[in-house]
1. Can you name the condition, by its number, that B:R66 falls short on among (1) within 16 Å of DNA strand D (Cβ to nearest atom); (2) open to solvent by less than 40 Å² (accessible area, probe 1.4 Å)?
2. Of A:M44, A:M80, A:M111, which residue is open to solvent by less than 50 Å² (accessible area, probe 1.4 Å), within 16 Å of DNA strand D (Cβ to nearest atom) and more than 10 Å from chain B (Cβ to nearest Cβ)?
3. For segment A:153-160, state whether one or more residues are in contact (Cβ under 8 Å) with a residue 40 or more places away in the chain, more than 14 Å from every other protein chain (Cβ to nearest Cβ) and open to solvent by less than 70 Å² (accessible area, probe 1.4 Å).
4. Would you tally the residues in segment A:169-224 being open to solvent by 30 Å² or more (accessible area, probe 1.4 Å) and of a type in the set (S, T, Y)?
5. Among the listed residues B:L54, B:L90, B:L38, B:L34, identify the single one that is without any contact (Cβ under 8 Å) to a residue 40 or more places away in the chain and at the interface with chain A (Cβ under 8 Å from one of its Cβ atoms).
2 protein chains.
Amino acid sequence: MSNTETASSNTLLAITQLRDLIFSGRLGAGTDHLEGELAERLGMSRTPVREALLRLECQGLVEVRRRKGVRITPFTPKDMAEVYDVLTELEGLAAARAAARNLSDDDLAPMVQAIADMEAAVAVCNRDDWAAADDIFHCELVRLGGNDRISMITQIMADQMRRARLVILYIRPAPMHSSKEHRKLVDAIRAGDADLAKQIQRQHRTVAKGLLLELLERHHLSVL
Amino acid sequence: MSNTETASSNTLLAITQLRDLIFSGRLGAGTDHLEGELAERLGMSRTPVREALLRLECQGLVEVRRRKGVRITPFTPKDMAEVYDVLTELEGLAAARAAARNLSDDDLAPMVQAIADMEAAVAVCNRDDWAAADDIFHCELVRLGGNDRISMITQIMADQMRRARLVILYIRPAPMHSSKEHRKLVDAIRAGDADLAKQIQRQHRTVAKGLLLELLERHHLSVL
DNA sequence: ACTGGTTCTAATGTATGCGTAAAATTCAGC
DNA sequence: GCTGAATTTTACGCATACATTAGAACCAGT
């Protein structure tokens, strides 16, 4: 036990490490892996690995198959469309609800900060930082919506498309104008205009869906 | 092994049995239970019970707590509101998508049948049968929407409110007019009117939310 | 009697071994 | 050479034993 950050349990550690392996592509989409192999790779026994895999299965990241090992769930353009459709609806509602809550500037501060971070990242062409700030923005948005189930679902959707998003992040045009939309959304929420907030967020996701699907098709990325 | 329906695996069997125990209230909302107790109760070892509990946790039915056993997740009016808000959005989209798909009468047959079953159940005042047919109706609706993620999410939401629904089923007014709405929805889908279909379904869920929340409050059902 | 620390207990977290069933291989028969 | 049945392999499902640790109980000192 040389490592100090023992995540408090091997199962949690396995979840973290497996997520890393999946998101980074070291466990490729559609590939099969045995519990035993993964356990050895993570330096622990099968039990915590198995529990971690069950949890990841619930989140749609792997598929546990009877005696064929676990398959890293592939992600196709159809999946991308599904995810964006769900996000459009749920984040749209979250935006409306947030607007209806008369939030203070303190409440909105994290979103404002995330926008600033995105702009800073765009200014120096750092797409990873932009993506991280974008994540925080959307996470904060649904949090302010006040519906924990929506937060949970959008988190899962974000994870499911993480690999695809990483690829797209570097082939898409730089997200120059997106922070303008984000600002408008924050303004609408601050002004308490629920309909406008919902409309802006829906538009944001709908446009993004079209853009990303087109990119995937153009680059023949049929599975990620 | 006198039982013929061995569900093919103890873990699956544990999931089924635990769901029954939870939905029937024999494992009461908010109560704590030890893995060992549950294992003994189900006549198997801790391992499959533990795996079943992990899966149920992902579905929000139980909470596995650090060394304090598992808690049967309570369900409050706030949860009910959250669930209905999610259903309003996602089923609304599913209805619109179904309408946009030019479905054949064969495709719509299960929904039509479910409506007939609901009416038959109402005619003989059998609320359980009505609820079962209603489940099928909504399940079919989202299935025809064609978004597997929405199907999965609505299934989970339905399970989460199953206990509450069971209680409400017998204190709510008889669902006399609901099949009229359902028919209108099917007509809109058949006619390919996506906007109307969405509107009808959203209205359906929104009204139901108000009705149920009012009932919960009136009967002082703050946790189920 | 109260507080601080220690010990003890018990429930979970993890490792391990075995039985089982599905897949792969081999071999017999055609 | 091919097909299909028997055998072998092997990966998982599950049981069991052990380690760990949170919380309870207890004890000593004031």
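The values are calculated or read from the model by the stated rules, or taken from the named source; none is laboratory data. Worth saying up front: this structure is predicted, and the values here are computed from it rather than measured. Glycine also receives a Cβ, built like all others from the backbone with ideal geometry; neighbour counts cover every protein chain displayed. To get the accessible areas, we keep the full protein, side chains included, count just its heavy atoms, and leave off ligands, DNA and RNA. Shrake-Rupley method; radii C 1.70, N 1.55, O 1.52, S 1.80 Å.
1. (2)
2. A:M44
3. no
4. So the count comes out to 3.
5. B:L54
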